[in-house]
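These notes are about the structure you will find just below.
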Amino acid sequence: MPAQCSSEVVDLLSGVETATIGHWRLMGFCNRRIQPMLRGKHVVGTAVTLAIAGPDSTLLHHAAGLLRPGDILLVDRLGDDRYACWGGGVTAAVKASGATAGVVDGPVTDLAEIEESDLPMWAAGIAPITTRLYDLGGRMNVPVSIGGAVVQPGDYVLADESGVLVLPAAEAEAEARRALEVQARGKANEAMIRKREVKLGERSGASAKVEAGL
């Protein structure tokens, strides 16, 4: 299992929105088809990675018993979009482990049970056809692809209603601190705009660009 992320940096990222970092960063964002299954969730944790193929979820059942509090399990389905590897049983096991959340690059099932568990979950939709225990193999804690983003075991994972962002350990703290500064300035700007002290185009510089082109 990978070393867990710094609690200090996790605390910093807990105050950051994925969309804030999306103002300047391009790498590490999962494709927007990876959507939250529950509303209002905002999580940060250590990436534990899994790669399993097609109709098999044997390794996923095993991996659920290895998770620790603070882990986020990311499952690369190796291109499969037909079989739901994650349902009520896996949800119960992951919840019992104390893990923070799950992310699946493919469909899940048993949405009502996921909602009842209150386990934060991101996936590429819902499907009724489930995996079986065929023991076809797979890999755990290797580099994987989740929604087109490369994930290394031990990376920082930040996920909210806007999507999922993966940050290398060496870059996470700097990105978190920059994001918090940007958000603080953004709140101040929004307050001025709401009070009509300044117009959005004036504050952002957009109006100057438009006027220069007239």
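The values are calculated or read from the model by the stated rules, or taken from the named source; none is laboratory data. This is a predicted model, so every value here is computed, not measured. So basically every Cβ, Gly included, is an ideal-geometry build from the backbone, and we count neighbours across all protein chains shown. What goes into the accessible areas is simple: the full protein's heavy atoms, side chains included, and nothing from ligands, DNA or RNA. Shrake-Rupley method; radii C 1.70, N 1.55, O 1.52, S 1.80 Å.
Pop out the carbon and sulfur fraction of the accessible area of the stretch 31-114 as a percent, whole number, probe 1.4 Å.
52 percent
At a probe size of 1.4 Å, how large is the accessible area of residue 199, to the nearest 10 Å²?
The value for residue 199 is about 140 Å².
I'm checking a number: the convex hull volume of the Cα atoms of the stretch 45-195, normalised per residue, in Å³. What is it?
Roughly 124 Å³ of hull volume per residue.
Quick one: go through the stretch 5-20 and flag any residue whose amide nitrogen is under 18 Å from the point 7 Å out along the Cα-to-Cβ line of residue 189.
16-20
Go through 23, 62, 42 and list them by solvent-accessible area, largest first, probe radius 1.4 Å.
From most exposed to least exposed: 23, 62, 42.
In what order, largest first, do 192, 121 sit by accessible area if the probe radius is 1.4 Å?
The residues order as 192, 121, largest area first.
Hey, what number do you get for the chain at 222 nm if only DSSP H runs of n ≥ 4 count, each worth -39500 (n - 2.57), divided across all residues, to the nearest 500?
That comes out to -10000 deg cm²/dmol.
So what is the relative contact order for the stretch 85-214, in percent, with contacts set as C-alpha pairs under 8 Å and at least six apart?
It rounds to 14 percent for the stretch 85-214.
Please build a GNM for the chain, connecting alpha carbons under 10 Å apart, and tell me which residue among 35, 183, 152 fluctuates the most.
183
Which value, in debye to the nearest 20, describes the size of the charge dipole of the stretch 1-157 about its Cα centre when Lys and Arg Cβ atoms bear +1, Asp and Glu Cβ atoms bear -1, and nothing else is charged?
Value, rounded to 20: 240 debye.
Quick one: among 133, 180, 74, which has the greatest mean-square fluctuation in a GNM of the chain with alpha-carbon springs under 10 angstrom?
133
Determine the percent antiparallel among the DSSP beta bridges restricted to the chain, to the nearest 5.
Approximately 50 percent, going by the DSSP bridge assignments.
Counting only the backbone N, which residues of the stretch 40-54 are under 13 Å from the spot 7 Å out from the Cα of residue 1 toward its beta-carbon?
Label zone hits: 46-49.
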